[in-house]
Each structure stands twice: as structure tokens, then as C-alpha cells.
Amino acid sequence: MSVVEPREGQGGPPDDPPPAPAGPPEPPQVPAAPAGPQENGDAGPGEGAIKKIVRNAASVLAGNALGEVLTTYAIVLAASTLGPAGFGRLSAAQAFMEPFDILASFGLGAIAIKVAAERGGADGVLRGTNLAIRAVTAPLTVCIALGVAWSTGREALIPVLIVLCVNTLITPLSSSASLPFEFHQTMHRRIALPAIASVVRFFTAIAAARYLATPVGFQLSGLSSGLVMLLLGLLVARHYYPARLGFDRQLAVHLLRLAWPAAFLEFITMMYLRGSYIVLHGQGDVVLGEYAAADRFVKPVISIGSVFLASALPTIATLAHEKKFDILLTNYRRAVVRMLVVMTPILAVTWLLSRVLLERYAPRYAGAVWPFRALSVSVIFVFLNNLSSVFIIALGQLRLITVVALINLGVYFGLAWALVPSLGATGAALATTVMEGINTVMQLSIVAVLLHRARNRA
């Protein structure tokens, strides 16, 4: 499972989902921009690498703290205002669009960081070329998404999808603006942006609840905060990383050659991550709403883990490139143990409190208790899988992780089609948890073998 920030929980248009496949090792050389002096905070595995990861992640978490609170309120307001049926329709539209957003990004998220490392920085030519590619893929993907929705009997979702498509079209600009901050691990310079955008989300959600209490109204609230986030992101990027954007045809070919396997992997991964909404499509909006409520409850926990993995990605990739496999193996073992120690008590408490909280404060969503409990077990597996994926991809084993993703896809839909007809939303959640558990066994084994082999050869 790859880490993907939930669209509905963000203050603005999502940056590319980290981690994403980094492509095959030792790609063909392309003309490199001058590296120049590294600024304090650039990616690199030096003495302060772990401190930089922690600082960068802590900055993102601090910046998102207020944003998460306000955005969570906006989601709760949407759920309480729309009810399970309306909330289910809104969530189904968002889930339907997410695989297409992956296609629109075309796997360029982590690929751009990888190429930036090759070039010595996220220069204007790289940023401009990346933007140009995505300016082509985004409109094409929007047309495909709307066509698929119409042809598969999802006409009721199209008004919401149109608003989501606007977000897809502006995301390339947001991604280009955030690229140098991600590469240099200086996300602390954008620390205030999510909070500001979420304030906009907060007030526009209240306005939607009063004046346009429909799925479209609440999605427009998300779009408004996305536009604010985009504008602020462009201004901050211009201040800290001013550069004249350019386009290099050879670089574009290089990016596309590296990115298409990553795009395929991310699309397959997103298909089984959002497969529950596909399988539950025929179960009705109320069942979709119950599953969506459970899904949203676990998303904030997953978001915290995704921040640390995104912050660690440049350092892990550089350690692998420099063949420092002893350090990688040590860091991997420590990370696995720490995740288990931290997450187990948190999830145990949420398991016990879920029924009381839902039945007391959201009785219309009481049916989400068991789907939530099933999904909460999967969170530990998700963290371990995301961590393992970063290491496997950093070691250049993109084909191997793609095979794992295809197995996950088959396992999930096989289980879901067997369980959903009788168990509804709980069946979809159980299918997710079992699939993630099988995925954990596979990926832990793969990382252990790869790191030991690489260390022995080094």
C-alpha cells in the first residue's frame, strides 16, 4: 500500500503521493544542472540525516496540526449534514477520482526527486519540464474519468466529479511549487500554508452547511481551500526558490521513461486501496456512507506516518545510491520496532472507544463501528508496508514491488467479492485488513532478503 494523503482531509490540492516508485537504478545520463552549494537542509545521508528527517516531518506535522483539526471538523460537518447517504455519495465520488489523479500525476512525484538528486537540485528546467508533462496528462485524465463515470452508471456522481476535476487540473502547479521544498527537506518553510488553507476550508464548510447542503457544496469548500493553498504555495516557492521555468525535451523523455512503471504501480495500488468503494457501489449510498465514516476515522493516523515516510524518502534513496546497506538495515529494524511500539496502544484505545463515540455522538453512523474496528487493525500493516515499499523501491526493485501490488489487487478483490454480499461495509473492511496482513508478510520477507544480499555484495 502506498501512502496517499486523503483528498477529503487536506487543506489544498494534494502533493504527489509519497512514497512512489523511484524507477530502475542507474538511468541514462541527461544533461545536469550545476549543483551549486548545498543549502542547510538539503537531502543527504550525512551526520545530521536523521535529525533532518525528524525536523522536516515535525515541521509538516506542526503545520498540519491546526489544519487537521479544522479539516476534520469540516468532514464531520459534512457527514452530519449530509447523512450516510449523501456522505456516501460524496466519498464515492472522491474515491472514484483518486485512481485518475494517480494517472494525471503519471508517477512523477518521487521520480522528480530522484532526478533532482541526479541533477544536483530541483532547478527551473526540471520544475518546468515536470509541469509541462503534467499539464498534458491532467486534462486527458479528466476527460477519461468523466467518460468512465458516465459509461459505468455513475451519472449521479458527475456534478461532484466536475469539481474534483478542477482540483486535478490545478494540482500540477501545486506540485511544481512544492518540489524544491520536498527535495531540500525544507518543508518547515511552508509550515503555515496548510493551516491557512484549512481556515478557508473551515469557514466555507460552514457556509456549505447553511446555504448549499449537498455533496457538491462541500466539495466546493475543499476546492476553495485548494485554490488558496495553490496561490500561497506559488508565492512561497517564488520567494525561497526563484527560478525561471524551462523545458528540456531530452529531460522530458527521461522523466517519462522512468515514470511510466511508477505510474502503473501507483495506479494498481490505488485501485485496491479504493477497491472497497468499487465493490460497494451496488450496495447503496447508506452502506457507502458507513464505510466512508470508518475509512475517515483511520485516515488521520495514516497521515502522520505518511509525513515521516515522505521526509525520509530523499535520505533513504541517497543511502541506497551510496551502498550504505548496513545503515539502511539498522534504520529499517529500528523503524519497524518503533512503529509497533507506538501504534499498538493507540489503536487498542481507538478500538475500545469507537462504539461509545459513534453511538453517542453520531448514532446515524453506528453501523460504521465494525468496519472501523476492522480497518484499525490494518493500520499497523499499512505502516509496515509503506515503510517496506520505500526500502524496496530505493534498492531499485520496482518490478518486484509491482508484482506484490498485482498480488494485492487479486487478493483484495477476491476477498471483497466473497465477503461484501453478506457483510456489506464490514466485509470490505475485512478484505482490506486480510490483504494488508498478507502484504506485510511478503514485504518484510523481501526487505530482509534484499538488504542482507546487498550488504554481503557490498
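Please determine whether any residue of segment 178-191 is β-branched (Val, Ile, Thr), surrounded by 19 or more Cβ atoms within 10 Å (Cβ to Cβ) and more than 21 Å from Arg154 (Cα to Cα).
Residues of segment 178-191 that are β-branched (Val, Ile, Thr), as a first pass: 186, 191.
Those still in the list that are surrounded by 19 or more Cβ atoms within 10 Å (Cβ to Cβ) too: 186.
Then drop every residue that is not more than 21 Å from Arg154 (Cα to Cα), which leaves 186.
The answer is yes, given that some residue of segment 178-191 is β-branched (Val, Ile, Thr), surrounded by 19 or more Cβ atoms within 10 Å (Cβ to Cβ) and more than 21 Å from Arg154 (Cα to Cα).
For segment 105-133, enumerate the residues that are buried (at least 23 other Cβ atoms within 10 Å of the Cβ) and modelled with pLDDT of 90 or more.
Within segment 105-133, just Thr129 meets the criteria.
Rundown of residues vs (1) under 17 Å from Gln94 (Cα atoms); (2) at pLDDT below 90; (3) not basic (Lys, Arg), yes/no style:
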| site | (1), (2), (3) |
| --- | --- |
| Leu193 | no, yes, yes |
| Ala205 | yes, no, yes |
| Ala208 | no, no, yes |
| Leu212 | no, no, yes |
| Phe218 | yes, no, yes |
| Ser221 | yes, no, yes |
| Val228 | no, no, yes |
| Leu232 | no, no, yes |
| Leu235 | no, no, yes |
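When the residues of segment 357-404 are narrowed to those that are β-branched (Val, Ile, Thr) and closer than 12 Å to Gln443 by Cα, which ends up surrounded by the most Cβ atoms within 10 Å (Cβ to Cβ)? If you could, list the steps in order and put the result at the bottom.
Here is the first cut: in segment 357-404, the ones β-branched (Val, Ile, Thr) are 369, 377, 379-380, 382, 390, 392-393, 401-404.
Adding the requirement that they be closer than 12 Å to Gln443 by Cα leaves 382, 390, 392-393, 401-404.
Numbers: Val382: 25, Val390: 28, Ile392: 22, Ile393: 26, Ile401: 24, Thr402: 17, Val403: 14, Val404: 23.
Per the stated criteria, the residue is Val390.
Is it the case that some residue within segment 434-457 is under 24 Å from Gly88 (Cα atoms), surrounded by fewer than 21 Cβ atoms within 10 Å (Cβ to Cβ) and among the β-branched types (Val, Ile, Thr)?
Pass one, segment 434-457, residues under 24 Å from Gly88 (Cα atoms): 434-436.
Keeping just the survivors that are surrounded by fewer than 21 Cβ atoms within 10 Å (Cβ to Cβ) gives 434.
Among the residues that remain, those that are also among the β-branched types (Val, Ile, Thr) are: 434.
Checking segment 434-457: at least one residue is under 24 Å from Gly88 (Cα atoms), surrounded by fewer than 21 Cβ atoms within 10 Å (Cβ to Cβ) and among the β-branched types (Val, Ile, Thr).
For segment 228-253, name all the residues that are part of a helix (DSSP H, G or I), touching a helix residue (DSSP H, G or I) at 6+ places or on another chain (Cβ under 7 Å) and either aromatic (Phe, Trp, Tyr) or touching a residue at least 60 places away in the same chain (Cβ under 8 Å) (or both).
Within segment 228-253, the first condition is being part of a helix (DSSP H, G or I), and the residues that meet it are 228-240, 249-253.
With the extra rule that they be touching a helix residue (DSSP H, G or I) at 6+ places or on another chain (Cβ under 7 Å), the set shrinks to 228-230, 232-234, 236-237, 240, 251-252.
Val228, Met229, Leu230, Gly233, Leu234, Ala237, Tyr240, Leu251, Ala252 - these are the residues of segment 228-253 that are part of a helix (DSSP H, G or I), touching a helix residue (DSSP H, G or I) at 6+ places or on another chain (Cβ under 7 Å) and either aromatic (Phe, Trp, Tyr) or touching a residue at least 60 places away in the same chain (Cβ under 8 Å) (or both).
Just to be sure before I move on: is Leu258 within 21 Å of Thr402 (Cα to Cα), in contact (Cβ under 8 Å) with a residue 12 or more places away in the chain and surrounded by 18 or more Cβ atoms within 10 Å (Cβ to Cβ) in the structure I sent?
Working: within 21 Å of Thr402 (Cα to Cα): yes; in contact (Cβ under 8 Å) with a residue 12 or more places away in the chain: yes; surrounded by 18 or more Cβ atoms within 10 Å (Cβ to Cβ): yes.
Answer is yes for this residue.
Go through segment 192-209 and count every residue that is farther than 15 Å from Ala78 by Cα, surrounded by fewer than 24 Cβ atoms within 10 Å (Cβ to Cβ) and of a type in the set (Gly, Ala, Ser).
Number of matching residues: 2.
Mind checking which helices (runs of 4 or more DSSP H) fall wholly inside segment 105-213 and carry at least 2 residues that are farther than 28 Å from Val236 by Cα and out of contact with any His (no Cβ under 6 Å at 6 or more places or on another chain)? Outline the logic, then answer.
On the way: elements: 108-119, 124-151, 158-183, 193-211.
Output list reads 124-151, 158-183, 193-211.
Please indicate, with yes or no, whether at least one residue in segment 405-425 is buried (at least 20 other Cβ atoms within 10 Å of the Cβ) and touching a Leu at 6+ places or on another chain (Cβ under 6 Å). Step through it out loud before you land on a result.
Step one: filter segment 405-425 for residues buried (at least 20 other Cβ atoms within 10 Å of the Cβ), giving 405, 408, 412, 415-416, 420, 424-425.
Remaining after also requiring touching a Leu at 6+ places or on another chain (Cβ under 6 Å): 405.
So far as segment 405-425 goes, yes, one or more of its residues are buried (at least 20 other Cβ atoms within 10 Å of the Cβ) and touching a Leu at 6+ places or on another chain (Cβ under 6 Å).
Can you work out which of the residues in segment 275-288 that are surrounded by fewer than 21 Cβ atoms within 10 Å (Cβ to Cβ) and of a type outside the set (A, V, I, L, M, F, W, C) is farthest from Leu415 (Cα to Cα)?
Gly284
The values are calculated or read from the model by the stated rules, or taken from the named source; none is laboratory data. Quick caveat, the model's predicted, so the values are computed rather than measured. Cβ atoms come from the backbone with ideal geometry, glycine included; neighbour counts cover every protein chain shown.
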